[in-house]
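Taking it in order: structure first as structure tokens, then the write-up.
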Amino acid sequence: MNKHDAERVSGMLEALGAVHVPTLEEADIAVFMTCCVREAAEVRLFGQIASCKNVPVRTGSPLAQRIIAIGGCIGERDGDELLTRFPHVSVVFGTHSLASLPGMLKRCLSDRVRQSDTSDTADAFSTDLPTKREHAWAAWLPIMTGCDNFCSYCIVPYVRGRERSRTIEDVVTEAQRYVDAGVKEITLLGQNVNSFGRDRYGAPRFAELLQRIDATGIERLRFVTSHPKDLSDEVIAAFADLRSLMPALHLPFQSGSDRILQAMNRSYTRAHYLSLIAKLKQACPSLALSTDIIVGFPGETEEDFGATCEMVCQVGFSQAFTFIYSPRSGTPAAQMRDTLPREIVQERFDRLVALVQEEAYRFNRAAQGRTLAVLVEGVSKRDARVLAGKSPQNQTVHAALPDDLDIEQLIGTIVPVRIDETKTWYLSGEVMRG
Ligand code: SF4
């Protein structure tokens, strides 16, 4: 969601006549899009903002001082406090006030007025704001904002608000516009996409939305994020039925222990999660499943943690994002007393990471010798003669760039790659010709 918001910010700044520069040193205006879901990111952000003070403005800048703006969840949560804490920050905006950024920047440029705006402008989606998409061939498409679930550890409902869905027509029109412009892959965004439409239509209509977007002619369709309690049979069936829906699903389980799931207020049990996995695998045997897992939630015993490890092996995830629990002020879990010693949590975390890597490798091994349809995204970070892209299962794939082809011709196209080598986090192979 933040990446998408950042694309909107870039679009609005370009509409004001700004150009993107690669480093802070060259920038007259710097906008930080922030996230307060995890403590580590927040600490890093505050360090970066503090150190901006010491970076002089570029030679030739018309400004005596760089304009620094902070947006996103931390802007929403802290508002004016950020202006007090960081006297060199000029603008703060919240998750619902993206559209006010250009006006605030203009006032700041003309009058040097420091301002914050965390008001809720009724247009939570700002769909008419200019957007500078990072890639011509891919688009993020927010279908809803906010979350009604109030998991006990999570700050999102407090900073992104309650669920608000766009209309089906609005989303489909935007999707069609992307397809007509040559976009190959659309990723639908929402904190809990499965409940899309509930606030607006009285019942979720996510499965219908998937069908309507499939009918636009998009080549690849993905979505994040799903909540296990809301994943319906209709959405599961869509993995079998819809041509464009890629066989990859991110379904966070957080903990394998029912006791911890209850303390997390996740509203499902381990048995329910596993029943969903069974249905999904039946509907789409090639489905890649990824997940989020929290280690060290207050009160987690070795037995609870063992149940989490068991789930990892039982499901066979292609990827898992593992997090050490960090209390977020204002959430119910932050009040829980039975926190765990750091060494125990770290030791469990390390064990889990090793397990996740084994499972990821096992998943990737199954691709050995197969030819996959790879959407080319660019070149490998390590070697400009190696192209990098994504398989339908969202695996990163590398392949030597054919001598007679330029990477610019291939970016955004789908090419067949025969997989010759499998690693934990990527596959490599050869582009098949003819
Ligand atoms: S469903 Fe996700 S975004 Fe919503 S409260 Fe739970 S963890 Fe946070």
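List the residues whose amide H sits under 5 Å from the amide H of T34, counting only those 5 or more places along or on another chain, with H placed 1.01 Å from N in the peptide plane.
Correct list: G71, G72, C73, I74, G75.
Could you state how much accessible area R418 has, in square angstrom rounded to the nearest 10, with a 1.4 Å probe and all protein chains kept in place?
80
My understanding is that a pair violates if its Cα-Cα distance is over 26 Å; which of K281/K390; K132/K229; K229/K423 do that in this structure?
Pairs exceeding 26 Å: K132/K229; K229/K423.
Considering every pair of different Cα atoms, what Kirkwood radius, in Å, is found for the stretch 76-172?
Hydrodynamic radius (Kirkwood, Cα only) of the stretch 76-172 equals 15.4 Å.
Starting from the coordinates of the alpha-carbon atoms of the stretch 392-434, obtain the Kirkwood hydrodynamic radius over all distinct pairs and give the value in Å to one decimal.
Result for the stretch 392-434, one decimal place: 11.2 Å.
Which percent, nearest 5, of DSSP beta bridges in the chain are antiparallel?
Percent antiparallel among DSSP bridges in the chain is about 35.
Calculate the FRET efficiency for S329 and V19 from the Cβ-Cβ distance with a Förster distance of 45 Å, rounded to the nearest 0.05.
The computed FRET efficiency comes out at 0.75.
How are the Cα pair distances of the stretch 268-412 distributed, in percent, across 10 Å bins from 0?
10, 29, 28, 20, 11, 2, 0
What is the distance in Å between the Cα centroid of the stretch 138-172 and that of the stretch 195-215?
13
What share of Cα pairs, in percent, lie more than 12 angstrom apart in the stretch 65-109?
When every Cα pair of the stretch 65-109 is considered, 55 percent fall beyond 12 Å.
Sort 144-154, 262-272 by packing, meaning the average of other beta carbons within 10 Å per residue, with the highest value first.
Output ranking for 144-154, 262-272: 144-154, 262-272.
Hey, any idea what the orientation-averaged projected area of the convex hull of the chain's Cα atoms comes to, in nm²?
22.3
Quick check: Cα centre of the stretch 358-415 to Cα centre of the stretch 239-266, how many Å?
So the two Cα centres are separated by 26 Å.
Taking a cut-off of 15 Å, what percent of all Cα-Cα pairs in the stretch 226-310 are separated by more than that?
Counting every Cα pair in the stretch 226-310, those more than 15 Å apart make up 57 percent.
Rg and Dmax of the stretch 331-434, using alpha carbons, in Å: what are they?
19.2, 64
The values are calculated or read from the model by the stated rules, or taken from the named source; none is laboratory data. Keep in mind it's a predicted model, so treat the numbers as computed, not measured. Backbone-built Cβ (ideal geometry, glycine too); neighbour counts: all protein chains shown. Each accessible area value is taken on the protein alone, full model and side chains, heavy atoms only, with ligands, DNA and RNA left out. Shrake-Rupley method; radii C 1.70, N 1.55, O 1.52, S 1.80 Å.
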